[in-house]
Amino acid sequence: MNETTSLPDRRKLALAAVIMQVCLGIIYSWAVFRGPLAAAYGWDKTVTIAPYRWSILFFTLAMIVAGFWQDKKGPRLVGSVGGVLLGLGCLLAALIGHEPAGLIVSYGVIAGLGVGFAYVTPIATCIKWFPDKRGFVVGLAVMGFGVGSLIFAPLLERMMGSDPALYKETIPRTFLFLSALFFIVVIGTAQFYQVPPAGWKPAGWNPPAAVAGGRRVDYSPGQMLRTWQFYAVWLLYFLGSAVGLTAIGESAPLVRDLAAASAALSGGAALGVMSLFNGVGRLAWGSMSDKIGRKQTIFGMCAVALLACAVVLPQTADFWRVLAGLSLVGFCYGGYLALMPSIAADYYGPRNIGANYGILFTAWGAAGFIVPGYFARILEASKQAGNVGAGYNSMFYQLAGLTVAGALVALVARRPTD
């Protein structure tokens, strides 16, 4: 299929990217399911976090395959396949999600694969259509992914209700609704995608001189993997993602376990507020990086996240302080999802951005699969010991340490040169 025979309005393409990403952001709403699943089936924290962890893992694996595939076949086909898998995964979750293994396979594996196939297509496509505004357009596209929970978390919470006696009926019904939505919207928006012709550039724009000459512009995945800078950026991505994904996964349980007495919002609504900051952070930090540089922007993100994890969140059960801390973490975490595709294109060129960013994205997947599970075990042990607050304090201080480590890695990272 030739997807370059006609040139679209790139603004409409960006709008389609945002709409698709809002739907894909369902992955960040998993915290809302954890309470009802625990009440309905008697599952503990390590069981209710498992589908989230597996969805992140298979999201990442799909990103690698989808990145190579969309560079060869175009984003429309790959995005459509992602919509089919995501809708199918939620459909199966409604049928077999009453067992932990069934929910891991349906939501964790199949739906996770669907998110990964669909997620890479708008990012890679927008980078190629907006070489003049990479940070802004990637931030805009992934902003939709970040704010998805603002829409979905309260909606899912309402659909499941608050009566534990009905959860075994309302949970499957909620998954059926999501399945229909994804079949229609994700597949539909994918039909807008196409890639620009070779050599295309926006009217009146020319590549910066530093990129146009003096070094290799486009690296293949193999060439990228032979640079030490890739591993520095991978580690930076891992550390930043570990902080954000842990906070997102524990947000609703945190409100329920620690701040319920003073809570002015439900766990789902609090997650929605955090997701708003997550989404806005993607656009804000992405746009800022176009003006002051990627590295300086990362230092700013690390400083704000450190404040939240080391000062605002520990040693408190006050709802508003907890919400403020989570929102700051979400705001900073969103920046990584905007900056890392832009850094990949800055360092290794736009031609192979789908494949190259898919490989780099393994850092996000590794962080999401390993780190939230580690902290879930700490929190479950603290809960069993009757002091869940101590578990959360330990988690926050360790996340603060990861933030400091990320700033140190950013200090040494730089663009590869030949």
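Inside segment 92-103, residues that are crowded, with 21+ Cβ neighbours inside 10 Å and assigned to a helix (DSSP H, G or I) make up a count of 2. In summary, Tyr347 fulfils each of the numbered conditions (1) modelled with pLDDT of 90 or more; (2) under 18 Å from the mean Cα position of the chain (by Cα) with the single exception of condition (2). Kindly indicate whether Ile96 is at pLDDT below 85 and over 13 Å from Gln21 (Cα atoms). Judged against the criteria, Ile96 is not a match.
Is it the case that some residue within segment 147-170 is closer than 30 Å to Lys73 by Cα and out of contact with any Ser or Thr (no Cβ under 9 Å at 6 or more places or on another chain)? Looking for residues that are closer than 30 Å to Lys73 by Cα and out of contact with any Ser or Thr (no Cβ under 9 Å at 6 or more places or on another chain), one finds none in segment 147-170, hence no. In the set Phe182, Phe145, only one residue is crowded, with 17+ Cβ neighbours inside 10 Å, closer than 19 Å to Leu13 by Cβ and either among the polar types (S, T, N, Q) or under 23 Å from the mean Cα position of the chain (by Cα) (or both); that residue is Phe145. Screening Ala344, Ala355 for residues that are touching a residue at least 12 places away in the same chain (Cβ under 8 Å), out of contact with any Leu (no Cβ under 9 Å at 6 or more places or on another chain) and aliphatic (A, V, I, L, M) leaves exactly one candidate, Ala355.
Being of a type in the set (Phe, Trp, Tyr) and under 9 Å from Phe238 (Cβ atoms) is the filter here, so list the residues in segment 361-380 that pass it. Full working, then the answer.
Taking segment 361-380 first, the residues of a type in the set (Phe, Trp, Tyr) are 361, 364, 369, 374-375.
Within segment 361-380, Trp364 is the sole residue that qualifies.
Can you tell me which of Ser179, Ser162, Ser149 is small (Gly, Ala, Ser) and not in a helix (DSSP H, G or I)?
Unique residue meeting the criteria: Ser162.
Have a look at Gly286, Gly365, Gly354 and point out the one that is farther than 30 Å from Gly199 by Cβ, part of a helix (DSSP H, G or I), in contact with a helix residue (DSSP H, G or I) (Cβ under 9 Å, 6 or more places away or on another chain) and not aliphatic (A, V, I, L, M). Steps first, answer last, please.
Details: Gly286 fails: farther than 30 Å from Gly199 by Cβ; Gly354 fails: farther than 30 Å from Gly199 by Cβ.
None of the other options fit; the residue is Gly365.
Per the listing Ala376, Ala410, the residue uniquely surrounded by 14 or more Cβ atoms within 10 Å (Cβ to Cβ), touching a Cys at 6+ places or on another chain (Cβ under 9 Å), touching a residue at least 40 places away in the same chain (Cβ under 8 Å) and part of a helix (DSSP H, G or I) is Ala410.
Among what's in segment 394-418 and is among the polar types (S, T, N, Q) and at pLDDT 90 or above, pick the residue that is nearest to the chain's Cα centre (by Cα). Steps first, please.
At the first step, the residues of segment 394-418 found to be among the polar types (S, T, N, Q) are 394, 398, 403, 417.
Narrowing further to those that are at pLDDT 90 or above: 394, 398, 403.
Numbers: Ser394: 24, Gln398: 21, Thr403: 17 Å.
Ranking the qualifying residues of segment 394-418, first place goes to Thr403.
Considering (1) in contact (Cβ under 8 Å) with a residue 60 or more places away in the chain; (2) surrounded by fewer than 18 Cβ atoms within 10 Å (Cβ to Cβ); (3) out of contact with any Gly (no Cβ under 8 Å at 6 or more places or on another chain); (4) within 27 Å of Ala39 (Cα to Cα), the lone condition that Leu166 does not fulfil carries the number (1).
Looking only at segment 292-345, which residues are closer than 22 Å to Tyr231 by Cα, crowded, with 18+ Cβ neighbours inside 10 Å and aromatic (Phe, Trp, Tyr)? Once the filter is applied, which keeps residues that are closer than 22 Å to Tyr231 by Cα, crowded, with 18+ Cβ neighbours inside 10 Å and aromatic (Phe, Trp, Tyr), segment 292-345 yields Tyr333, Tyr336. Exactly one residue among Gly135, Gly144 is assigned to a helix (DSSP H, G or I), touching an Asp or Glu at 6+ places or on another chain (Cβ under 7 Å) and not aromatic (Phe, Trp, Tyr), and that residue is Gly135.
The values are calculated or read from the model by the stated rules, or taken from the named source; none is laboratory data. Predicted model only: the values in this text are computed from it and were never measured. Cβ coordinates were reconstructed from backbone atoms using ideal geometry, including for glycine residues, and neighbour counts include every protein chain displayed.
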